[in-house]
Amino acid sequence: MTQFWSKFFSKLFSTLFSKLLNKHHQAYSGSDIAVAVDTDAEIGFAQDQITQVSPQGVDLICGFEGLELKAYDDGVGVCTIGYGTTIYPHGKAVQYGDTCTIEQAKNYMQYDLRRFEQAVNAAVNVPLNQNQFDALVSLSYNIGIGAFKNSTLLKLLNASDYHAASHQFDVWIKAGGKTVQGLVNRRAVEKTLFLKR
């Protein structure tokens, strides 16, 4: 009996949407309005995927990373320059003694951001708001794409457990096996941003 009603309502809604679509098509012919019709029994919601860090997110990451125009050790033996760049756009690793201008640092940052934005987009399988996306890109920018992809945070998030995932920001506070106050502070801000609606 349930199957009968499912087919009945599916056919009914399909017919109604078809008539509605024809009416809208005639009324708005040549306009930029789109109408979507779902003939499946399940009703879903469309959501644009966020693919870029917001300007506020960029400012957040830049503030955490700081600007260094001469290559330095990031605290765990990784040579870094600019706003946390470790690999130049052409693929060469940053070397001690390297220098850059502010303009070059900004360009490196834009290149780096694209890599981390793409990594977050590829790894996350659940809807995110802009704050969540910015927080995850900031985290992955700091811990690396590999660590992010293998994290418990990502596993919990992809299981739609946003709350439990948010607690995993607190795990990423060590550098060289030692708790670093700067990372504690950064994770607290990222976690707060992730939980913000």
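The values are calculated or read from the model by the stated rules, or taken from the named source; none is laboratory data. Please read these numbers as outputs of a predicted model, since none were measured by experiment. All Cβ positions, glycine included, derive from the backbone under ideal geometry; neighbour counts span all protein chains shown.
Structure values in brief
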read-out: Criterion: of a type outside the set (A, V, I, L, M) and touching a strand residue (DSSP E or B) at 6+ places or on another chain (Cβ under 8 Å) - qualifying residue of GLN130, GLN49, GLN56, GLN104; value: GLN104
read-out: Cβ pairs under 8 Å, 6+ apart, first in the range 177-194 and under 16 Å from VAL76 (Cβ atoms), second of a type in the set (Gly, Ala, Ser) and modelled with pLDDT of 95 or more; value: ARG186/SER138
read-out: Test: SER138 is among the small types (Gly, Ala, Ser), on the phi > 0 side of the Ramachandran plot and out of contact with any strand residue (DSSP E or B) (no Cβ under 7 Å at 6 or more places or on another chain); value: no
read-out: Per-region count, the range 53-73, residues in contact (Cβ under 8 Å) with a residue 40 or more places away in the chain, surrounded by fewer than 18 Cβ atoms within 10 Å (Cβ to Cβ) and not in a helix (DSSP H, G or I); value: 1
read-out: Pick from the range 74-103, criterion assigned to a strand (DSSP E or B) and of a type in the set (Gly, Ala, Ser), ranking: surrounded by the fewest Cβ atoms within 10 Å (Cβ to Cβ); value: ALA93
read-out: THR192, sole failed condition from (1) surrounded by 14 or more Cβ atoms within 10 Å (Cβ to Cβ); (2) within 20 Å of ILE50 (Cβ to Cβ); value: (1)
read-out: Test: residue in the range 104-121 that is among the hydrophobic types (A, V, I, L, M, F, W, C), under 16 Å from GLU68 (Cα atoms) and touching an Asp or Glu at 6+ places or on another chain (Cβ under 9 Å); value: yes
read-out: Whichever residue in the range 143-162 is surrounded by fewer than 13 Cβ atoms within 10 Å (Cβ to Cβ) and touching a residue at least 12 places away in the same chain (Cβ under 8 Å) and, among such residues, is farthest from GLN132 (Cα to Cα); value: THR152
